[in-house]
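One structure is given below, encoded as C-alpha cells.
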Amino acid sequence: MNSRQRLLSVLDGGVPDHVPVCPDISNMVPARLTGKPYWDIYVYQDPPLWKAYIDAVKYFGIDGGFEMYTFGNMFNDLPRWENRIVKRFDDGGFVTQKYMFDEQKWAPYVDVHTADKPPAEFVKPSNMGLPPIPKKWEPIEGVKQWPEGLELWNHIKKEMGDNGIIGMPSGMKTCLISTEDDVYSFYDNPAPFYAEAEKMLERVRNRMEIIKGLDEKPDFLFCGASGTLVMQTPDIFRELVLPVLKETTKLAKELNIPTHVHSCGPEKELVKIAAEETDLTVIDPLEIPPMGDCNIKELKELYGDKIILKGNLHTTEVMLRGTVADVVRECKKVIDDAGRGGGFILSTGDQCGRDTPDENIRAMVETAADYGRY
C-alpha cells in the first residue's frame, strides 16, 4: 500500500498493511527544512506552509495529511482581514496586526515574527510596547501569489498525490474560549459566544451543501481546535460546542466523509464524549501527562471500537530529547497498546519541536513499517 491507500483503509474501518505513521510535523520541522527565515513561510508564502509540509512528508516518507490545516478562506465565508506590519526589529523581525475589513476594526492581538521560530500569536500589543490601535502601519509587500479557494485545494491535492490524504475545513472548531480574556468575557456575558456557536453551525451547514456538490470530495473534514478543554470546562464544551460537533459529524457521515478532531492538552473526557455521543471518526493527539491526561491503552480498551485513535509519543522527552532507541521503544509500546485490530494511527502528542532530530522521525516511520505489521 502507498500512504494514501493506507490511511484511507483505516478511515474506512479496514486494516492496512501496517500501522500508518503520521508524526505531527505541521509547522516547525517543515519550516526548518526549507532553510529559510520562518517569516518567508508564514508571511511571504515563499514557500507557503502547505508546500513546506508536503515536501517534509516526502522527505521523511510519513503518511501525510492530517497535520495540514492551511487552506485559507476557501469557502469565502469568513471575515476578510489583512495582515499589516506595525513594528520592525533591527534583526529583520517584525510584528503584524490583522485589520478586519468586514468589522472595520483591528484585531486585539499581534503576531511576532522571528527568523527561527513560528510566529508568536495572541500577543497583547502592550507587551510589545504598542497601542491597541496602531498609530502607524505599513502594508506587507512581496507576498508570493498562489491559487485561492477550491483551486488551491485541488492544487494541494495534486501536489500531495499518493503521499497522503487531503482534508477540508468543516467550518467548526471545538474551542470558542481559548484565552484568559475569553474566560472573563464568557462569564461576564456568554451571549456572544452562543451567537458565535450558532453562526458556526450555519457555516457548517452551508459548507456541507457546497461539499455535497463537489466532483472531488475531501478525504476527511477538520473539526477540531487546540486546547478544547484548557480554557473550556467539559460542561461549557457540552453546552457551547458539542451540539455543533454532533451536527457536523452527522452531516459528514451522511456524505460518507470521515471527520477529524485535533485538540492538544487534556483530552480524555473529549474522547469519551466524541466516541459515545457523536459520529466523529478520528481524534488526536491524546497527549500523556503532564501535557495531557490520556492513557492510550485505556482509551483503546474503552473506545477502540467506536473511534480511531491517533497518537501519542511525547514530543519533548521522546521525540526531541530522546535517542533513536528511545523512539523505537516507545513506538513499539504504543503499537502494542493500541494497534491491535486496526483503528489506530501512530503519531506524536501534538507538534514535534523545531530541533527534533531527523533520525528520530525516520525511526518512527521505520518502526511502524516493520513492527507495526498486522
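The values are calculated or read from the model by the stated rules, or taken from the named source; none is laboratory data. None of these values were measured; they are calculated from a predicted model. All Cβ positions, even for glycine, are placed from backbone atoms using ideal geometry, and neighbour counts span all protein chains on display. Just so you know, the surface numbers come from the protein's heavy atoms only, side chains and all, with ligands and any DNA or RNA stripped out. Shrake-Rupley method; radii C 1.70, N 1.55, O 1.52, S 1.80 Å.
For the stretch 197-255, the spread of Cα coordinates along the three principal axes comes to 40, 20, 16 Å, biggest extent given first. Percent of Cα pairs in the stretch 77-136 per distance bin of 5 Å, from zero to the largest separation: 4, 19, 29, 24, 15, 6, 2, 0. Model label points for residue 46 and residue 191, set 7 angstrom from Cα along the Cα-to-Cβ axis, are 4.8 nm apart. Springs between Cα atoms under 10 Å define the GNM used for the chain, and in it the highest mean-square fluctuation of 232, 45, 104 occurs at 104. Normalised by residue number, the volume inside the convex hull of the Cα atoms of the stretch 197-296 is 90 Å³ per residue. Taking all C-alpha pairs of the stretch 116-165, those more than 18 Å from each other amount to 64 percent. Tell me the net charge near residue 300. Cut-off is 12 Å between Cβ atoms, residue 300 excluded, with +1 for each Lys or Arg and -1 for each Asp or Glu. Taking every other residue near residue 300 into account, the sum is -1. Split the accessible area of the stretch 229-374 by element, probe 1.4 Å, and carbon with sulfur accounts for 49%.
Calculated mean residue ellipticity at 222 nm for the chain: -11500 deg cm²/dmol, from DSSP H runs with n ≥ 4 weighted as -39500 (n - 2.57), summed, divided by the residue count and rounded to 500.
Size descriptors for the stretch 165-228, from the alpha-carbon set: Rg then Dmax equal 14.4, 46 Å. Farthest toward the positive end of the dipole of the stretch 234-374, out of 334, 295, 357, is the Cα of 334, where the dipole comes from beta carbon charges about the Cα centre.
Here the chain is treated with +1 on each Lys and Arg Cβ and -1 on each Asp and Glu Cβ, and its dipole about the Cα centre works out to around 400 debye. The residues of the stretch 66-125 present an accessible area of 54 Å² per residue when probed at 1.4 Å with all protein chains retained.
For the stretch 18-129, with all protein chains in place and a probe radius of 1.4 Å, 51% of the accessible heavy-atom surface sits on carbon or sulfur. Here the dipole of the stretch 217-321 is about 220 debye; that uses its Cα centre as origin and unit charges on the Cβ of Lys and Arg (positive) and Asp and Glu (negative).
For the chain, the Kirkwood estimate of the hydrodynamic radius, built from every pair of different alpha carbons, is 21.4 Å. If you bin all the Cα-Cα distances of the stretch 49-107 at 5 Å, starting from zero, the percentages per bin are 4, 14, 15, 13, 15, 16, 14, 6, 2. Remark: relative contact order (the chain) = 20 percent; criterion is Cα-Cα distance under 8 angstrom and separation of 6 or more residues. Charged side chains reduced to their Cβ positions (Lys and Arg at +1, Asp and Glu at -1) give the stretch 1-101 a dipole of some 280 debye around its Cα centre. Normalised size of the stretch 216-374, defined as Cα radius of gyration per 2.2 N^0.38 Å with N residues, equals 1.05.
On the principal axes of its alpha carbon atoms, the stretch 248-314 extends 37, 20, 17 Å, with the longest extent given first. Counted by Cβ distance under 15 Å from residue 81, the other residues give a net charge of -3, where Lys and Arg count +1 and Asp and Glu count -1.
When the inverse distances between all different Cα atoms of the stretch 1-143 are averaged and flipped, the Kirkwood radius reads 17.3 angstrom.
Working ranking of peptides 349-359, 288-298 by packing, defined as the average number of other Cβ atoms within 10 Å per residue, highest first, is 349-359, 288-298. When the charge dipole of the chain is built from unit charges on Cβ atoms (+1 for Lys and Arg, -1 for Asp and Glu) and taken about the Cα centre, the candidate among 146, 49, 106 whose Cα reaches farthest toward its positive end is 146. Think of the stretch 1-97 as a dipole: +1 on every Lys or Arg Cβ, -1 on every Asp or Glu Cβ, centred on the Cα centre; then among 96, 35, 16, 96 lies furthest on the positive end.
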